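K.L.:
Sharing a structure, written as structure tokens. Questions coming.
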Amino acid sequence: MNGLMGQSVWDARGIWIGRVVDVRVIKNREERSMQQSHTIYGLVVSVRRAPVMLGLTRDREGRLGWLSSLVARVVYAGCMFVPWESVASSDSGEVHLASTRKQLARV
């Protein structure tokens, strides 16, 4: 997951979308191992990179506080959400998508 942070993201047409600023995960309750306890379900991508965004909006139990919610609206303004299913490859130091920018949703 940490290897994805800051990577450039390119859509299916080869257009630069931005950089990965956050990784969204789902906690797997069945898994006992620390490495397999989370599954990536998407990336947050921004044209203007914010250096610290990971874990900003949720507490340890996954709840949003009012202050975190307010800060998230400002920090994530203009960001796009990339579902993990749309990622064609991410092992070359860049993220390449199988979808276009128009198919992505705003955060």
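K.L.:
Please list, ordered by residue number, the strands (runs of 3 or more DSSP E) wholly in the stretch 33-107 having 3 or more residues that are under 14 Å from Asp22 (Cα atoms) and either modelled with pLDDT under 90 or of a type outside the set (Val, Ile, Thr) (or both).
P.N.:
38-46, 80-83
K.L.:
Could you give every pair whose Cβ atoms fall below 8 Å, whose first residue belongs to the stretch 89-102 and is touching a residue at least 12 places away in the same chain (Cβ under 8 Å) and within 17 Å of Val47 (Cα to Cα), and whose second residue is outside any loop (DSSP other than H, G, I, E, B) and among the hydroxyl-bearing types (Ser, Thr, Tyr), counting only separations of at least 6 or pairs across chains?
P.N.:
Note: pairs meeting the criteria are Glu94/Ser8; Val95/Ser8; Val95/Ser89; His96/Ser89; Leu97/Ser86.
K.L.:
Take the residues in the stretch 1-29 that are part of a loop (DSSP other than H, G, I, E, B) and in contact with a Lys or Arg (Cβ under 7 Å, 6 or more places away or on another chain), then tell me which one is modelled with the lowest pLDDT.
P.N.:
Filtering first and then ranking leaves Gly6.
K.L.:
Still on this structure, please answer the following. Name the pairs: first residue in the stretch 8-23 and closer than 15 Å to Ala98 by Cα, second residue of a type in the set (Phe, Trp, Tyr) and loosely packed, with under 14 Cβ neighbours inside 10 Å, Cβ to Cβ under 6 Å, at least 6 apart or on different chains?
P.N.:
Sorted first by the residue in the stretch 8-23, then by its partner, the pairs are Trp10/Trp16.
The values are calculated or read from the model by the stated rules, or taken from the named source; none is laboratory data. All figures in this text were calculated on a predicted structure; none of them were measured in a lab. Because the Cβ atoms are built from the backbone with ideal geometry, glycine has one as well, and the counts that use them run over all protein chains shown.
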